[in-house]
1. Quick one: which of B:Glu61, B:Glu54 is under 24 Å from the mean Cα position of the chain (by Cα) and over 24 Å from A:Arg142 (Cα atoms)?
2. Could you tell me whether any residue of segment A:66-75 is within 24 Å of the chain's Cα centre (by Cα), away from chain B (no Cβ under 14 Å), surrounded by fewer than 20 Cβ atoms within 10 Å (Cβ to Cβ) and not polar (S, T, N, Q)?
3. When you scan segment A:297-313, how many residues do you find that are touching a residue at least 60 places away in the same chain (Cβ under 8 Å) and either at the interface with chain B (Cβ under 7 Å from one of its Cβ atoms) or part of a helix (DSSP H, G or I) (or both)?
4. Here are B:Thr257, B:Thr317, B:Thr270, B:Thr292: which of them is without any contact (Cβ under 8 Å) to a residue 12 or more places away in the chain and within 27 Å of A:Glu213 (Cβ to Cβ)?
5. Return a yes/no flag: does segment B:378-400 have any residue that is more than 19 Å from the chain's Cα centre (by Cα), among the small types (Gly, Ala, Ser) and buried (at least 19 other Cβ atoms within 10 Å of the Cβ).
6. Which one of these is more than 7 Å from chain B (Cβ to nearest Cβ), closer than 18 Å to B:Met218 by Cα and not aromatic (Phe, Trp, Tyr): A:Lys217, A:Lys240?
7. Of the residues B:Phe391, B:Phe405, which is part of a helix (DSSP H, G or I) and more than 10 Å from every other protein chain (Cβ to nearest Cβ)?
8. Within segment B:169-184, can one find any residue that is under 24 Å from A:Lys175 (Cβ atoms), of a type in the set (Gly, Ala, Ser) and facing chain A (nearest Cβ under 8 Å)?
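The values are calculated or read from the model by the stated rules, or taken from the named source; none is laboratory data. Computed from a predicted model, the values in this text were never measured in an experiment. Counting neighbours? That spans all protein chains shown, and the Cβs are built from the backbone with ideal geometry, glycine included.
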Number of protein chains: 2
Amino acid sequence: MQRFHQLPRGDAESFFEELDAHEHATLLLQLPVKERRAFLRVLGPDDIADTVQEADAEDREALLGLLEDPARAEVVALMRYAEDHAGGLMNPRFSSIRADMEIDEALAYLRRRARANEAMDPTYYSYVLDSAGRLLGVISLRGLFAAKPGTRVHEVMHRDVVTVPEDMDQEIVAKLFEKHDLLALPVVDGQGRMKGLVAVNDIVDVLEEEATEDIHKMGGLSEALDTPYLDTPIGEMVRKRALWLSVLLIGEMLTATALSYFQAEIDKATVLALFMPLIISSGGNSGSQASTLVVRAMALGDVRMQDMARVFRRELTSGLLLGGVLAVLGFVRIIVWQAVFGSYSGHAIGLAGTVGLSLLGVVMLGTIAGSMLPFALRRAGLDPASASAPFVATLVDVVGLILYFSVASVLLAELFR
Amino acid sequence: MQRFHQLPRGDAESFFEELDAHEHATLLLQLPVKERRAFLRVLGPDDIADTVQEADAEDREALLGLLEDPARAEVVALMRYAEDHAGGLMNPRFSSIRADMEIDEALAYLRRRARANEAMDPTYYSYVLDSAGRLLGVISLRGLFAAKPGTRVHEVMHRDVVTVPEDMDQEIVAKLFEKHDLLALPVVDGQGRMKGLVAVNDIVDVLEEEATEDIHKMGGLSEALDTPYLDTPIGEMVRKRALWLSVLLIGEMLTATALSYFQAEIDKATVLALFMPLIISSGGNSGSQASTLVVRAMALGDVRMQDMARVFRRELTSGLLLGGVLAVLGFVRIIVWQAVFGSYSGHAIGLAGTVGLSLLGVVMLGTIAGSMLPFALRRAGLDPASASAPFVATLVDVVGLILYFSVASVLLAELFR
């Protein structure tokens with residue numbers, strides 16, 4: 001704060017501009033009241049709306065009071081949109097021209113507006129609107145420059161404009177940007193009237209935000225943190241972590257229940273207990289890989305609901321191959337230990353077979369559960385990213401242990417008699 | 001392919017433009033030779049370079065042969081840059097003006113070039129270069145529009161240009177875009193000569209790519225897939241998954257070794273085996289959460305190497321609280337089962353205490369190992385994202401089991417006498 005005050009005004013404004021909404025609100029409220037207005041003016045109406053929303057209820061009025069009437073009306077209108085919808089992301093200022101303008105007239109008009117420092121599209125598209133504000137077409141500055149002098153805007157504008165409704169989710173807006181490689185997308189209401197534009201710059205932040213949300217969920221948080229790690233109060237962070245950990249622990253208690261049915265077997269062959277962690281962790285690891293691949297592919301749009309059968313077949317094959325590799329490793333480990341240390345007396349082959357077969361089964365279980373769970377969650381209207389590594393592992397643990405002891409009861413039958 | 005041929009030419013070109021480099025290469029090579037040239041021309045030199053690099057060695061020459069000499073030289077020059085460096089990302093075409101031009105002269109010049117359909121910046125900045133091609137300043141079209149007619153470019157241009165060296169990693173370039181909120185960044189060589197520009201649109205793809213890479217690594221793949229899930233040959237996918245699964249299995253074999261030292265204890269108190277999966281999975285889950293939070297915070301730049309001590313303190317506190325919650329749940333589970341089913345005869349309190357204390361310990365172990373491992377990896381020059389859920393879980397499993405049996409040997413000493 002001290003250092004901020006020592007900056008020359010221009011540098012302070014540039015620095016201020018680069019902060020995020022939370023930082024804007026915090027810094028503004030620390031400034032003397034008479035300086036607030038000047039800094040708030042540096043921001044566009046969409047950023048001001050975000051900043052006001054970051055402030056506490058009592059401070060919001062104070063911040064809104066700094067604005068002149070028309071700007072305040074714009075900001076209040078923006079605050080009505082959900083933050084993660086196109087409407088909450090858009091800038092209500094953009095440059096518009098009329099369809100019957102001549103090219104030179106349109107350029108002169110844009111130049112006059114730029115000189116008057118009026119609202120102008122931060123990117124370089126001009127939108128062609130009719131008298132009711134309905135969007136008829138779009139033309140880039142490059143397009144205006146390249147057009148033959150004397151032609152009219154409607155002769156050179158693009159009419160098949162990609163538009164975005166006000167309530168479109170920001171994740172879908174981001175997909176449109178990727179698909180069409182545009183610098184900005186116009187936001188229109190139900191009547192086709194243009195309300196503002198979303199610039200590709202805003203999408204950069206959206207993508208980071210959405211990736212963080214998915215990553216946090218996939219890492220086993222019930223809810224993503226919405227503030228940077230070090231800025232999140234420890235109480236909030238523990239709450240968001242404790243819920244899932246507790247649910248998973250309760251799920252994992254089923255392993256104790258399942259194992260209690262095999263207590264007699266463990267009693268007779270304690271050696272089986274030694275390989276339990278290895279079996280269940282392999283199921284969890286292969287499940288984590290599979291769910292990670294599918295959840296991310298869904299987020300990128302590479303895998304859709306109708307691809308479920310294809311994914312199932314791929315994961316079945318992968319599970320067989322991966323399980324085969326681990327089965328061989330597990331089998332060899334036991335045979336070698338038996339040969340070198342004589343660890344497992346007369347039952348080494350049966351034990352090696354049990355561990356090998358169980359590894360094969362549990363890895364297949366993991367890849368299938370991990371790859372199908374995201375589909376099930378999406379079908380149920382939930383976020384596929386909740387198919388986190390810990391969730392899949394817990395699912396696989398119970399079934400994996402039952403499988404292990406079932407295989408043992410066949411291959412090591414002589415121990416249980 | 002059939003459907004592609006039925007599209008009118010304009011639509012086919014628009015459709016083609018929206019594909020990615022891999023799809024460009026595949027589609028081009030399926031087209032009759034005489035149509036290839038027309039479609040290749042739709043793409044900018046940076047996209048052509050990516051497309052050529054996606055093709056097999058023998059097809060590359062064929063594709064390069066479709067280009068006219070100057071375009072081919074541009075593309076070949078771009079192919080020398082690493083794909084994930086600024087040089088590999090940049091477009092070598094941009095619009096440049098001279099510092100001593102008058103505003104109207106500069107605008108007229110840009111307009112002439114646009115009409116001649118010559119290379120022009122796809123965004124809306126004009127770069128001011130000296131006669132040696134060194135970058136002196138930048139001005140936006142909006143800036144040119146807003147300038148008083150009669151002033152010269154050097155009077156209104158911005159001189160403190162944010163530039164990017166040719167070999168800057170794309171992840172760092174992406175950070176600069178986020179920080180400065182620009183539409184394009186100029187790429188300069190060691191002598192300050194401008195070589196091209198990276199547009200914010202390209203960064204959208206980079207961010208998706210980098211997030212996918214981190215997500216795949218965090219999900220326990222030794223290497224991220226670089227093609228969409230369904231397009232990746234199953235052999236390649238299995239290879240990228242098998243390596244890590246095998247390494248983790250070999251690591252997990254240590255649990256069998258560790259447990260063999262406790263075989264006597266398990267023999268005397270089989271009941272201890274029932275809670276092993278629950279103990280180790282809780283350590284894995286809390287570790288997965290902690291590593292996910294820290295790895296993502298590092299990727300976003302929210303946590304840096306010097307924050308290690310702060311992160312350690314936060315995770316110590318979180319681990320205590322989270323471990324406390326799970327300890328209580330585990331303790332209560334055993335006491336309730338004893339009360340209702342009489343499951344654990346006279347040792348319920350000792351067992352409940354053992355499970356509760358071990359949960360507390362193992363959760364703290366998980367949060368500390370999960371949060372510190374990314375720092376250790378980064379310090380060792382490795383990718384922190386390799387601190388995946390499965391890796392952390394495997395680390396914690398061995399120590400967690402030793403902890404569990406050590407606690408048991410104290411609290412359940414009467415069983416082992």
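1. Matching residue, one of B:Glu61, B:Glu54: B:Glu54.
2. We begin by selecting, within segment A:66-75, every residue within 24 Å of the chain's Cα centre (by Cα); these are none.
No; the residues of segment A:66-75 include none that is within 24 Å of the chain's Cα centre (by Cα), away from chain B (no Cβ under 14 Å), surrounded by fewer than 20 Cβ atoms within 10 Å (Cβ to Cβ) and not polar (S, T, N, Q).
3. Start the filter on segment A:297-313 by keeping residues that are touching a residue at least 60 places away in the same chain (Cβ under 8 Å), which leaves A:298-299, A:301, A:305, A:308, A:311-312.
Next, from what is left, pick out any that are either at the interface with chain B (Cβ under 7 Å from one of its Cβ atoms) or part of a helix (DSSP H, G or I) (or both): A:298-299, A:305, A:308, A:311-312.
Selection size over segment A:297-313: 6.
4. Values: B:Thr257 fails: within 27 Å of A:Glu213 (Cβ to Cβ); B:Thr270 fails: within 27 Å of A:Glu213 (Cβ to Cβ); B:Thr292 fails: without any contact (Cβ under 8 Å) to a residue 12 or more places away in the chain.
Checking each option against the conditions leaves just B:Thr317.
5. For segment B:378-400, residues more than 19 Å from the chain's Cα centre (by Cα), among the small types (Gly, Ala, Ser) and buried (at least 19 other Cβ atoms within 10 Å of the Cβ): present.
6. Values: A:Lys240 fails: closer than 18 Å to B:Met218 by Cα.
Just one listed residue meets the conditions, A:Lys217.
7. B:Phe405
8. Yes - at least one qualifying residue is present in segment B:169-184.
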